[in-house]
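Notes follow once the structure below has been shown.
The values are calculated or read from the model by the stated rules, or taken from the named source; none is laboratory data. What you are looking at is a predicted structure, and each value in this text was computed from that prediction instead of being measured. Note: ideal-geometry Cβ built from the backbone for every residue, glycine included; neighbour counts use all protein chains shown. Heads up: the accessible areas ignore ligands, DNA and RNA and are worked out on the full protein's heavy atoms, side chains in. Shrake-Rupley method; radii C 1.70, N 1.55, O 1.52, S 1.80 Å.
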Amino acid sequence: MVLVSSVRDYVNRMLQDISGMKVLILDSQTVSAVSVVYSQSELLQKEVFLVELVDAISMSKESMSHLKAVYFLRPTSENIQHLKRQLAKPRFGEYNLFFSNMLNSTQLHILADSDEHEVVQQVQEFFADFVAIDPYHFTLNTPSNHMYMLPAVIDPPNLQNYCDRIVDGLAAIFLAFKRRPVIRYSRTSDIAKRIAHEASKLMYQQESGLFDFRRTEISPLLLVIDRRDDPVTPLLNQWTYQAMVHELIGIKDNKVDLGNVGKFSKDQQEVVLSSEQDAFFKANMYENFGDIGMSIKRMVDDFQQVAKSNQNIQTIEDMAKFVDNYPEYRKMQGNVSKHVTLVTEMSKIVEERKLMLVSQTEQELACNGGQGAAFEAVTNLLNNESVSDIDRLRLVMLYALRYEKESPVQLMQLFNKLASRSPKYKPGLVQFLLKQAGVDRRTGDLYGNRDILNIARNMARGLKGVENVYTQHQPLLFQTMESITKGRLRDVDYPFVGNHFQQGRPQEVVIFIVGGTTYEESRSVALQNSLNSGIRFILGGSSLLNSKSFLKDLEEAQRISRSSTGVV
């Protein structure tokens, strides 16, 4: 079962058996889970006339006994308290309570004791405790995502909450799939190890009965890895459609806020980019920027043909046909306008920030050797007035990650130049990144220069040349999936938890990145799944990153580290 259809199925089951007018009450997390798989018009078809947040409902006193309340909440103590107060003075005709994860017995008792008016019709667990961005990609939108970067000595009080949220999300994924996985993790990451062990304890000890699905075939694999194993991917500019929109404008729960990039009318300020709801986007989300321009031109031409035929109304039959087709025509018009706007705005940003120039050097730093030429290219771009501060910082970081051991003197020169050209960045941020995600901290062969197979592959690629200089980079995740497919994922790098080992090659693999995923990685997963290798991969993460949010997490982790230890 694929993620989007799994959550849609849960929402359908919540709404279809309750007849009559309904109010759907969500919390700040479940609102994301529902909104990415269900449109407002679809909710209306299910007779949902009002959607509210649970904390906003708490403020209101107005009676609405004609409505049936459908609650879909995370089973947090805060939400249970909201329900306790709301059941004490019921405003709706009946209450149907659905939770996105496991309720404990204490919470059930509180709900039972609170239902003095006997308005609760049902209490159920529907395991949709994640945001299904795409069929094979989910995120948890975890607050305080910088937590994973904090050194172990600090152990902040919120770290347990961060780990608990991830374990809850992983539990929901496997409960939705009715599977119990074998679990592996990235050896060099303390937090990946902690999450893997806590997930194993939940699935094999605390809730072993719930996860005992009596399946005899090969167990799926859950691989927990750390964003710091591949800090390069979130630092790069992107040139495929979905990834590029997120990098340059930003996507949140499949919605794009255009309010920050230009002046648009209110109805155009927020647009939806969903592969489930937009056929053009589904067909082009992984295409590169040059090809997108051509595809949009074809779409505009098609629309103009339809618009022309609509102008030619001469008979009553023509008029009736136009009225019948009008909703489809409006939808097509909105879609054309949306994609033209996005590509136009991104083209402006690319030109303004000279991103084609910057990106060429980024890709060279990520994919090819040649330290002398790289130093010269980065120096020239640092001196270029058109290059923005954030692009200068990313270039120095990419150079530092690549050549941290090879050229300390030149690295120091770049640090000094960055400090003088872009003083807004706190000193030590690049050094903090190296401390967090430098070569000594990483699992895996990020630059393909440790493993003999990777060295051979890079040489072959160098001889063959690349089709597109801007999209030659492949995330480390690509290698990881290849290793799993070929049965070569090394136990020494990715140990198993407990004595639950894999018997044979898994058919389903969930790779979870603590610290967050990128759209470049979700594209790799979609392309890998399209090869029909016999293994289906699903990608998940604590957050959905672009370079801006990755750097923000890095800055916050550096700030906390400094105030806790008095050092960088």
Taking the Cα of D302, stepping 7 Å toward and past its beta carbon, and measuring to each backbone N in the stretch 247-278: which are under 20 Å?
272-278
Counting alpha carbon pairs within less than 8 Å and at least 6 residues apart, what relative contact order, in whole percent, applies to the chain?
18
Run the dipole for the chain about the Cα centre, Lys and Arg Cβ at +1, Asp and Glu Cβ at -1, nothing else charged, and hand back the magnitude in debye, nearest 20.
1100
Cα-based reach from K263 at 18 Å (exclusive), listing lysines while leaving out same-chain residues under 8 positions away:
K255, K338, K348
Tell me whether the stretch 355-442 comes out rounded, prolate or oblate; compute the Cα gyration tensor, take square roots of the eigenvalues as a ≥ b ≥ c, and use a/c under 1.5 as the rounded threshold.
oblate
Pick out, from H197, T76, I57, the residue whose Cα sits farthest towards the positive end of the charge dipole of the chain, with +1 on the Cβ of Lys and Arg and -1 on the Cβ of Asp and Glu.
H197
Calculate, in nm to one decimal, what Q268 and V2 gain on full extension: separation in residues at 0.36 nm each, minus their alpha carbon distance.
92.7 nm
Quick one: dipole size for the stretch 355-442, taken about the Cα centre, charges +1 on Lys/Arg Cβ and -1 on Asp/Glu Cβ, in debye to the nearest 20.
360
Long-range Cα-Cα pairs in the stretch 61-156 (distance over 18 Å), rounded percent:
57
Can you show me the helix-derived [θ] at 222 nm for the chain, built from DSSP H runs with n ≥ 4 at -39,500 (n - 2.57) apiece and divided by the number of residues, rounded to the nearest 500.
-15500 deg cm²/dmol
Within the chain, what whole-number % of the accessible surface is contributed by carbon and sulfur, with the 1.4 Å probe and all protein chains included in the calculation?
51
Efficiency of FRET between T188 and Q40 - r from beta-carbon atoms, R0 60 angstrom, step 0.05:
0.85
Is the shape of the chain best called rounded, prolate or oblate, per the rule: a/c under 1.5 gives rounded, else a/b larger than b/c gives prolate, else oblate, with a ≥ b ≥ c the square roots of the Cα gyration tensor eigenvalues?
oblate
Grab the beta carbon distance between A112 and D17, set R0 = 25 Å, and tell me the FRET efficiency rounded to 0.05.
0.70
As a percent rounded to 5, the proportion of antiparallel DSSP bridges among beta bridges in the stretch 81-216 is 40
Output the Cα-based Rg and Dmax of the stretch 478-568 in Å, rounding Rg to one decimal and Dmax to a whole number.
17.0, 52
With every protein chain kept in place and a 1.4 Å probe, the chain has an accessible area per residue in Å² of 46
Whether the stretch 3-128 is rounded, prolate or oblate, judged on the alpha carbon gyration tensor where a/c under 1.5 counts as rounded:
oblate
Length-normalised contact order of the stretch 355-442, Cα under 8 Å, at least 6 apart, in percent, tallies to 29
What is the antiparallel percent of DSSP beta bridges lying wholly in the chain, to the nearest 5?
20
